[in-house]
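All remarks here apply to the structure that follows.
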2 protein chains.
Amino acid sequence: MDRVGGRPRDPGNDVAILDAALDLLIEDGFGGASIEAIAKRAGVAKMTVYRRWKSKEDLFLAALEHARPPDGANAESIGELVVTVARLLSQNRFRMLMARVVGASVDHPNLVGAYVERYLRPRLSGLAELARDAVEKGEFPEGTDPAVIEDVFAGAIGFVLLRGEVAEAEIDGRLRGMLRHLGRREDLHLG
Amino acid sequence: MDRVGGRPRDPGNDVAILDAALDLLIEDGFGGASIEAIAKRAGVAKMTVYRRWKSKEDLFLAALEHARPPDGANAESIGELVVTVARLLSQNRFRMLMARVVGASVDHPNLVGAYVERYLRPRLSGLAELARDAVEKGEFPEGTDPAVIEDVFAGAIGFVLLRGEVAEAEIDGRLRGMLRHLGRREDLHLG
């Protein structure tokens, strides 16, 4: 347990600060979200935030780490992953955070790497393994490179970032269309 | 010709202002780039900018329109387009502008649409037609949806935005790998 100044931290404060930081990153962007506004939203003194995180970047990195998806929400097949990804990418909050992080990446390259590792990857958990399994069990033609299947999912992100709001059904349809063109047999995905 | 206050515009000023606006959008982002800094970089009075564009958004829209690629730089096959796109996406300036526009899209949704139409599409000129032609001449298997080929190129954008700097050869390899998995016959792309 880290303490500063001898006073124990209140874990409830940390949660409130991290939630407020993520909300304000989404609403106002990296440059627009101030420590002052975050402290106010969290109902704590500014010094409480400064004592715990030494910069805005550190605070946002912690907020991304904190916003983990609930356990047990993992896709167990490529078909389930299509549903998960289409739902995620159609959510305004998800898309806004992604756009804010991409925008901040020019000045804060660490942030986008941390976003991918701490926020995005846990939401696409098992993608690499699911892709490999799907090829092995014949859901895709022999010789299919699992990395290409991964790229299909990563690719949907670019589509959404440049289009803005996109309906879940459209993303779902595009993902399935692309996978079908890679030779995916949809009837096998439950096997 | 639009004039304000009876004085004719100096087209040289316009070019200098639009170039400065694009540079500062890339360097400082939408929020960070001020009209004052743009005027200073262009070597004109602030009022010269305000007389001509009524908001920062209008100025940036004009700057995106102004930054058209040179005529005659068009790809004439899917193979040439792979080369063009890999080169573009590996350029820092291109990637930074795209990240800035995506970041600003939360507060300025018009900007990302204008970026796609005025800046990106002219640089991928003929993509839809090239995709259709490639299917027709048998470069891709019968029944291939040309929209899927277009999505492969759009998809590379998401990959680059989330990865930061990516080497031209890596983007080239990923695009070719994806197209090969769609059944592309590379030997036909010069036919």
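Of all residue pairs spaced 6 or more apart or on separate chains, those with beta-carbon atoms under 7 Å, a first member in region B:17-31 that is under 11 Å from B:His66 (Cα atoms) and a second member that is among the aromatic types (Phe, Trp, Tyr) and assigned to a helix (DSSP H, G or I) are B:Ala21/B:Phe60. Any residue that is out of contact with any Phe, Trp or Tyr (no Cβ under 8 Å at 6 or more places or on another chain) and within 17 Å of A:Met96 (Cα to Cα) - is there at least one of those in region A:36-59? Within region A:36-59, not a single residue is out of contact with any Phe, Trp or Tyr (no Cβ under 8 Å at 6 or more places or on another chain) and within 17 Å of A:Met96 (Cα to Cα).
Which residue out of B:Ala45, B:Ala99, B:Ala39 is modelled with pLDDT of 95 or more, buried (at least 18 other Cβ atoms within 10 Å of the Cβ) and over 18 Å from B:Gly158 (Cα atoms)?
Values: B:Ala45 fails: buried (at least 18 other Cβ atoms within 10 Å of the Cβ); B:Ala99 fails: over 18 Å from B:Gly158 (Cα atoms).
When all the criteria are applied, what remains is B:Ala39.
Go through region B:165-191 residue by residue and tally those that are facing chain A (nearest Cβ under 7 Å) and surrounded by 18 or more Cβ atoms within 10 Å (Cβ to Cβ).
4
Checked against the criteria, A:Asn13 does not count as polar (S, T, N, Q) and assigned to a loop (DSSP other than H, G, I, E, B). Within region A:79-107, which residues are acidic (Asp, Glu) and more than 9 Å from chain B (Cβ to nearest Cβ)? Listed by number, the list holds a single entry, A:Glu80.
In this structure, does B:Ala134 turn out to be surrounded by 22 or more Cβ atoms within 10 Å (Cβ to Cβ) and in contact (Cβ under 8 Å) with a residue 60 or more places away in the chain?
Details: surrounded by 22 or more Cβ atoms within 10 Å (Cβ to Cβ): yes; in contact (Cβ under 8 Å) with a residue 60 or more places away in the chain: no.
Here the answer is no, as B:Ala134 does not meet what is asked.
For region A:108-125, state whether one or more residues are within 21 Å of A:Val152 (Cβ to Cβ), in a helix (DSSP H, G or I) and more than 14 Å from every other protein chain (Cβ to nearest Cβ). Among the residues of region A:108-125, at least one is within 21 Å of A:Val152 (Cβ to Cβ), in a helix (DSSP H, G or I) and more than 14 Å from every other protein chain (Cβ to nearest Cβ), which makes the answer yes. At least 3 residues being closer than 19 Å to B:Glu170 by Cα is the threshold, and among the helices (runs of 4 or more DSSP H) wholly inside region B:25-101 those reaching it are B:78-90.
The values are calculated or read from the model by the stated rules, or taken from the named source; none is laboratory data. Predicted model, so just to flag it, every value in this text is computed and none were measured. Quick reminder, even Gly has a Cβ in these numbers, built from the backbone with ideal geometry, and neighbours come from all protein chains shown.
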